[in-house]
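Asks: Okay, handing you the structure first.
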Amino acid sequence: MFSEIERKLSQGQRLNKEDALYLFNLDDIHKIGKLADEFCRKINSNRAYFIINRHINPTNICINRCRFCAFSRSKGEEGSYEMTIDEILAGLREACKNMGYLSEVHIVSALHPDWPFEYYLEMIKNIKSEFPNIGIKAFTAVEIDYFAKKSNLRVEDILNRLKENGLDIIPGGGAEIFNSEVRNILCPEKISGERWLEIIKLAHKVGIKTNATMLYGHIESYEDRVDHLLKLRDLQDETGGFLAFIPLSYQPENTDIKVSYPSGIDDLKTIAVSRLILDNIPHIKAYWIMLGEKLAQLALLFGADCIEGTVIEEKIAHSAGARSKISTTVEELIHLIKETDKVPAERDSFYNILRIY
Ligand code: V47
């Protein structure tokens, strides 16, 4: 079976569901990693990307209670917070001062019961007007769906208005795992996997590129992971709108789904199989916040070509026990990448190369 997979890849043929399941069940991580690394180099040569960015989570007040989430709070609950637009702008000013400049702001928050859609528009409008050179990657498909419901507008109209006001890219969050049985246990109040895919398809249709994620290492099976990857691959065949795929390694602390952290082997295998199955998504991101810096570095030799960025402030994974730092420096990212013998490529939101180190 392995030689058949090698043959398919060398002849440019697609792997199928059985191939993906076989790879997930294979114990020889070196063999899988080598295949994924070779495949990755065909797409991205020997480059490994990073970006000078800042994450901002404007509020943790959420109407949903996803069982894997340790970040969300109810209104008035201890630990709940709301950021004003001035506070968000001040955070960006501070980051620009400390780093020299920022290429991207990543904004993901919660389904706030009271904030109107106009607040989010004002947020990105103000960011774009003060920082025209910062790419805005903001609001997951789950948030977009919520804006549409709250404001009684069509999803297409929401997307177009966000775009007109400065939105560049949509992050990949909210995909979790598409299998409805697992999803109903993890996050019964959240939109379905089908709806997530529908909203992302609309975003691609109106010309907004997006990322995609998969939350793994909780109660899902390998079949569920493969089903998730194949659904993303099918949509990418149709639209071509995905820029990057980010497997999110489950962080279990302070959550309602109490399992162990995924192992390092599982993390590397998931990166590698994702690279091999998602042959039409250009970038696979090793999110160092959830993998830890050291494993994210190794993931660059197991099929990943991007290590995210400086981040500066992170709350979602760290509420759930992420063991990484919350911020890193350009020097550290370059050092991690260079040690893999890959070439550090600083990028913008769209993966245009800004500088090679
Ligand atoms: O959708 C929540 C995940 C996501 C936990 O597009 C958890 O570049 C692990 O969207 N353990 C939001 N994960 C984060 C997100 C993201 C992150 C990095 C890069 C990009 C990108 C997007 O965080 C949620 C959910 O799947 N999450 N709780 C947890 N306990």
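Asks: Just checking the chain: which Cys have no other cysteine's beta-carbon under 4.7 Å?
Replies: Result for the chain is Cys40, Cys62, Cys96, Cys306, no neighbouring Cys Cβ within the cutoff.
Asks: Taking θ = phi - 60°, what integer Hz values does the Karplus form 6.51 cos²θ - 1.76 cosθ + 1.60 yield along region 218-224, in sequence order, with x for Gly and Pro?
Replies: 10, 10, 7, 9, 4, 4, 5
Asks: Pick from Thr210, Thr329, Thr310: which is most flexible by mean-square fluctuation in a GNM of the chain where alpha carbon atoms under 10 Å apart are linked?
Replies: Most flexible of the set in this elastic network: Thr329.
Asks: Checking the cross-link filter: which lysines have an alpha carbon closer than 20 Å to that of Lys137, excluding same-chain neighbours under 8 positions apart?
Replies: Counting by Cα, and skipping residues close in sequence, Lys137 has these lysines nearby: Lys125, Lys128, Lys163, Lys201, Lys205, Lys209, Lys285, Lys315.
Asks: Spin-label point model (7 Å from Cα, Cβ direction): what's the Ile29 to Glu94 distance in nm?
Replies: 3.7
Asks: Now for a different question. Summing Lys, Arg as +1 and Asp, Glu as -1, what charge do residues with Cβ under 13 Å from the Cβ of Met99 carry, Met99 excluded?
Replies: My count for the surroundings of Met99 gives -3.
Asks: Right, something else. To the nearest Å, what is the center-to-center distance of region 233-297 and region 20-79, using C-alpha atoms only?
Replies: 4
Asks: Which net charge results when you count Lys and Arg as +1 and Asp and Glu as -1 among the other residues whose beta-carbon is under 9 Å from that of Pro247?
Replies: +1
Asks: Could I ask something else about it? How big is the equivalent ellipsoid of the chain along its three axes, where each semi-axis is √(5λ) from the Cα gyration tensor, reported in whole Å from largest to smallest?
Replies: They are 30, 23, 20 Å, listed from largest to smallest.
Asks: Report, to the nearest 10°, how far helix 141-151 tilts away from the longest principal axis of the Cα atoms in the chain, using its own Cα long axis and a range of 0 to 90°.
Replies: 30
Asks: How many percent of DSSP beta bridges within region 2-356 run antiparallel, rounded to 5?
Replies: 10
Asks: Using amide H atoms built in the peptide plane, which far-off residues or other-chain residues are under 5 Å from Met214 H to H?
Replies: Those lying under 5 Å, H to H, from Met214 are Ile246, Leu248.
Asks: Looking only at region 19-57, which residues have a backbone nitrogen under 16 Å from a spot 7 Å from the Cα of Ile353 in the C-beta direction?
Replies: Label zone hits: 41-51.
Asks: Can you give me the relative contact order of the chain as a percent, contacts being Cα pairs under 8 Å and 6 or more apart?
Replies: 23 percent.
Asks: Okay, next question. What residues of region 304-332 lie in the reach of a label at Glu253, counting those whose backbone N is under 19 Å from a point 7 Å from the Cα along Cα→Cβ?
Replies: Under cut-off, by backbone N: 312-328.
Asks: Which ³J(HN,Hα) values, rounded to whole Hz and listed in residue order, are derived for region 311-316 from phi using the Karplus coefficients 6.51, -1.76 and 1.60 in 6.51 cos²θ - 1.76 cosθ + 1.60 with θ = phi - 60°, glycine and proline given as x?
Replies: Residue by residue, region 311-316 yields 6, 6, 8, 9, 10, 5 Hz.
Asks: How much length, in nm to one decimal, is gained on full extension between Ser263 and Phe2, taken as 0.36 nm per residue of separation minus their Cα-Cα distance?
Replies: Working: separation 261, 0.36 × 261 = 93.96 nm, distance 2.32 nm.
Separation in residues times 0.36 nm, less the Cα-Cα distance, equals 91.6 nm.
Asks: Over region 23-136, what is the relative contact order in whole percent, taking alpha-carbon pairs under 8 Å and six or more residues apart? Spell out each step's value before the answer.
Replies: Numbers: 110 pairs, mean separation 34.0, N = 114.
Across region 23-136, relative contact order equals 30 percent.
Asks: Under a Cβ-only charge scheme (Lys and Arg +1, Asp and Glu -1), can you give me the dipole magnitude of the chain about the Cα centre, in debye to the nearest 20?
Replies: Computed about the Cα centre, the dipole is about 480 debye.
Asks: Using only the alpha carbons, work out the radius of gyration and Dmax of region 143-250 in angstrom.
Replies: According to the Cα coordinates of region 143-250, Rg and Dmax are 13.8, 41 Å.
Asks: While we're on this one: Out of residues 5 or more away from Glu220 or on other chains, whose amide H comes under 5 Å of its own, with H placed 1.01 Å from N in the peptide plane?
Replies: Under 5 Å from the amide H of Glu220: no residue qualifies.
Laboratory data are not the source of any read-out in this text; all were calculated from the coordinates shown. Treat the numbers as computed from the prediction; the structure is a model and nothing was measured. Because the Cβ atoms are built from the backbone with ideal geometry, glycine has one as well, and the counts that use them run over all protein chains shown.
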